[in-house]
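Below you'll find the structure, written out as structure tokens, and then a few comments.
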Ligand SMILES: C[S@@+](CC[C@H](N)C(=O)[O-])C[C@H]1O[C@@H](n2cnc3c(N)ncnc32)[C@H](O)[C@@H]1O
Ligand code: SF4
């Protein structure tokens with residue numbers, strides 16, 4: 001049966017042969033290797049063996065660097081991956097039009113990372129996670145808070161001196177251990193000249209240690225800190241307030257305008273892609289749908305694959321069956337149970353072993369930290385092999 005013409009003025013032929021010149025946002029997860037272990041981290045593998053093959057980022061993706069406007073790096077920890085370092089050097093030399101974003105724990109935030117972000121940075125998110133040093137030590141195992149803070153202060157000073165337009169943000173994840181510190185976190189960001197502070201909702205577990213009156217007092221204190229500092233852009237405090245209230249059948253501390261879902265297809269389907277270390281390409285981090293794999297196909301084959309065509313075509317018809325309902329850009333979320341089943345199908349199809357590990361992590365049977373769960377200890381040797389790269393400090 002011949003499919004009907006897609007909407008939005010895009011012809012069937014254009015959609016089948018969607019040009020790479022439409023790509024605007026390129027997102028990389030170049031590996032899962034990390035130099036620390038955060039108590040709440042959802043990653044189940046931190047091994048250096050998870051690195052992206054050179055052929056992908058040195059050869060296959062070259063046309064994507066030409067086309068894209070922004071390049072985002074996350075991980076794992078980008079600042080300890082030699083490939084991220086080398087890619088940034090290439091970008092500073094050959095792709096000066098690319099604006100850079102990165103999410104980092106900040107421990108090794110110097111050298112080429114500092115230079116690249118001062119020169120071409122858009123937003124640099126430093127996951128500081130805690131203000132109180134003892135709390136930081138508990139949350140970020142093997143982390144070095146004093147170095148993270150020194151790196152933030154130096155970057156802000158250099159940014160202000162140089163007139164760079166880089167925006168600096170700190171983030172934390174709201175968990176039992178950090179919820180009481182929200183207001184201090186916001187105030188610290190303002191006192192230290194950050195542009196933005198972001199509170200992540202925990203993907204894995206909820207906040208259960210305190211009663212709801214106490215939690216809403218923490219939320220009210222965080223709002224007060226944000227109000228005192230109008231120059232600081234506060235991200236997701238209202239979302240977290242709303243989410244917590246809904247979960248506990250309460251009114252949020254502050255009523256916010258009713259969220260109006262967009263009415264349009266999500267542009268990400270047409271102009272973005274996220275590439276994982278194993279070559280898997282998806283439209284974005286809030287969809288589980290696979291366009292293809294760069295280890296088996298060329299960039300254009302993946303970008304114009306049947307799967308990518310189907311995703312875009314459905315999207316133009318406002319069919320969001322493979323997108324997270326919680327995404328702000330999702331105009332038409334499907335039933336959450338069906339969405340979860342579809343997600344499980346894709347995750348299991350892609351890597352069944354990883355799917356089991358993820359389920360265990362979500363159910364709280366293990367954590368990212370070493371020896372914090374005596375029944376299922378991780379090998380210290382594994383950690384030391386990733387830490388040794390950090391110690392080399394070859395930025
Ligand atoms: C997995 S990390 C990778 C980048 C880098 N290693 C870092 O920590 O910034 C990406 C972001 O996810 C956040 N994160 C970690 N565990 C989380 C969880 N359970 N729920 C929500 N966000 C989480 C981190 O704090 C970080 O900001
Ligand atoms: S959240 Fe922590 S443990 Fe996870 S990748 Fe980032 S720095 Fe590493």
*Give 29, 25 a once-over and let me know the one that is within 11 Å of ligand 1 (Cβ to nearest atom), within 18 Å of the chain's Cα centre (by Cα) and under 23 Å from residue 279 (Cβ atoms).*
29
*Going by the structure shown, is residue 221 farther than 30 Å from residue 317 by Cβ, exposed (fewer than 13 other Cβ atoms within 10 Å of the Cβ) and at pLDDT 95 or above?*
no
*Yes or no: residue 186 under 17 Å from residue 232 (Cα atoms), away from ligand 2 (no atom under 16 Å from the Cβ), in contact with a helix residue (DSSP H, G or I) (Cβ under 9 Å, 6 or more places away or on another chain) and modelled with pLDDT of 95 or more?*
yes
_Selection status of residue 71, under 23 Å from residue 48 (Cα atoms), away from ligand 1 (no atom under 12 Å from the Cβ), at pLDDT 95 or above and in a strand (DSSP E or B)_ = yes
*asked:* Can you list the strands (runs of 3 or more DSSP E) lying wholly within segment 225-339 that have 3 or more residues being touching a strand residue (DSSP E or B) at 6+ places or on another chain (Cβ under 9 Å) and over 30 Å from residue 66 (Cα atoms)?
replied: 233-235
*asked:* Quick check on segment 158-170. Is at least one of its residues within 14 Å of residue 193 (Cα to Cα), part of a strand (DSSP E or B), within 16 Å of ligand 2 (Cβ to nearest atom) and touching a helix residue (DSSP H, G or I) at 6+ places or on another chain (Cβ under 7 Å)?
replied: yes
*Please tell me if residue 354 is more than 20 Å from residue 14 (Cβ to Cβ) and surrounded by fewer than 18 Cβ atoms within 10 Å (Cβ to Cβ).*
yes
*Any hit, segment 35-53, residues being surrounded by fewer than 21 Cβ atoms within 10 Å (Cβ to Cβ) and more than 16 Å from ligand 2 (Cβ to nearest atom)*: yes
*Which one of 69, 115 is in contact (Cβ under 8 Å) with a residue 40 or more places away in the chain and more than 16 Å from the chain's Cα centre (by Cα)?*
69
*Got a number for residues in segment 33-66 being more than 16 Å from ligand 1 (Cβ to nearest atom) and in contact with a strand residue (DSSP E or B) (Cβ under 8 Å, 6 or more places away or on another chain)?*
5
_The lone exception for residue 385 - which of (1) surrounded by 14 or more Cβ atoms within 10 Å (Cβ to Cβ); (2) part of a helix (DSSP H, G or I); (3) at pLDDT 50 or above it fails_ = (3)
*Across segment 236-266, what is the number of residues that are without any contact (Cβ under 8 Å) to a residue 24 or more places away in the chain and under 19 Å from the mean Cα position of the chain (by Cα)?*
0
*Those residues that are within 16 Å of ligand 1 (Cβ to nearest atom), assigned to a helix (DSSP H, G or I) and under 21 Å from residue 31 (Cβ atoms), I need them from segment 115-150; list them, please.*
117, 148
*Report yes if some residue within segment 16-30 is under 27 Å from residue 150 (Cα atoms), assigned to a loop (DSSP other than H, G, I, E, B) and in contact with a helix residue (DSSP H, G or I) (Cβ under 6 Å, 6 or more places away or on another chain); otherwise report no.*
yes
*Mind checking which residues of segment 87-106 are within 23 Å of residue 127 (Cβ to Cβ) and more than 10 Å from ligand 2 (Cβ to nearest atom)?*
87, 88, 91, 98, 99, 100, 101, 102
*All but one of (1) surrounded by fewer than 23 Cβ atoms within 10 Å (Cβ to Cβ); (2) under 24 Å from residue 270 (Cα atoms) hold for residue 82; which doesn't?*
(2)
_Based on this model, can you work out whether residue 63 counts as surrounded by 17 or more Cβ atoms within 10 Å (Cβ to Cβ) and in contact with a helix residue (DSSP H, G or I) (Cβ under 9 Å, 6 or more places away or on another chain)?_
no
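The values are calculated or read from the model by the stated rules, or taken from the named source; none is laboratory data. On a predicted model such as this, the values are computed, not experimentally measured, just so you know. All Cβ positions, even for glycine, are placed from backbone atoms using ideal geometry, and neighbour counts span all protein chains on display.
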